[in-house]
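Asker: Supplied in structure tokens, the structure appears directly below.
The values are calculated or read from the model by the stated rules, or taken from the named source; none is laboratory data. As the structure is a prediction and not an experimental result, all values here were calculated from the model. Cβ coordinates were reconstructed from backbone atoms using ideal geometry, including for glycine residues, and neighbour counts include every protein chain displayed.
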Amino acid sequence: MRKFLVVLDDSRECLNAMRFAAMRAARTGGGVQILSIIPPDEFQHWIGVGDIMRQEARERIEAHFEVFAKWMRDRQGVDPELVIREGEPVDQILAQIREDADVGVLVLGAGTEKSGPGPLVSQLSRTSGTLPVPITIVPGDLSKERLEAVT
């Protein structure tokens, strides 16, 4: 089954990327894989403190994931899977795509700020010609109605 890989983070545009991935998966018989990345610099403390912080980060991610997962199951009939990785975001996204042959499309949300679409969109679009899967970039300010129309 082809999976839509979408990145879960604290950005506002993440919501539209999640919606898009779930709607496309529902309409095409695919799945959704939600990837959350814990940056390495969060745990540069003593080992015991770092382990506690890592566990707390995972619990926050799982709680955040459950909000999206419930919506996807209830509204779209899609049961997403959660993958949590640690490291640099772009490196971890590329590693996940390489390691899971079922990932067919990377879905990213583009920010609407004047500073640009966001670091992931900027970095990954520069290398999009060499990626093993296509990237779908979903505008962060696209309305729900427009999202439904294009999926």
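Asker: Every residue in the range 77-93 that is modelled with pLDDT under 95 and either surrounded by 17 or more Cβ atoms within 10 Å (Cβ to Cβ) or over 24 Å from GLN123 (Cα atoms) (or both), please.
Answerer: Result: PRO89, single match.
Asker: Right, here's the next one. If only one of GLU113, GLU66 is out of contact with any strand residue (DSSP E or B) (no Cβ under 6 Å at 6 or more places or on another chain), acidic (Asp, Glu) and at pLDDT 95 or above, which one is it?
Answerer: Answer to the selection: GLU66.
Asker: Further question: Could you tell me whether the range 126-146 includes any residue that is outside any loop (DSSP other than H, G, I, E, B), among the charged types (D, E, K, R), at pLDDT 95 or above and touching a helix residue (DSSP H, G or I) at 6+ places or on another chain (Cβ under 8 Å)?
Answerer: Within the range 126-146 (the criterion being outside any loop (DSSP other than H, G, I, E, B), among the charged types (D, E, K, R), at pLDDT 95 or above and touching a helix residue (DSSP H, G or I) at 6+ places or on another chain (Cβ under 8 Å)), the answer is no, since none of the residues qualifies.
Asker: Continuing with the same structure: Kindly indicate whether ALA149 is surrounded by fewer than 17 Cβ atoms within 10 Å (Cβ to Cβ) and either in contact with a Pro (Cβ under 8 Å, 6 or more places away or on another chain) or more than 23 Å from ILE84 (Cα to Cα) (or both).
Answerer: yes
Asker: Give the residues of the range 102-125 that are touching a residue at least 12 places away in the same chain (Cβ under 8 Å), assigned to a helix (DSSP H, G or I) and polar (S, T, N, Q), sorted by residue number.
Answerer: Hits for the range 102-125 are GLN123, SER125.
Asker: From (1) touching a Leu at 6+ places or on another chain (Cβ under 6 Å); (2) surrounded by 21 or more Cβ atoms within 10 Å (Cβ to Cβ); (3) farther than 17 Å from PRO134 by Cβ, pick out the condition that doesn't hold for LEU106.
Answerer: Unmet condition: (3).
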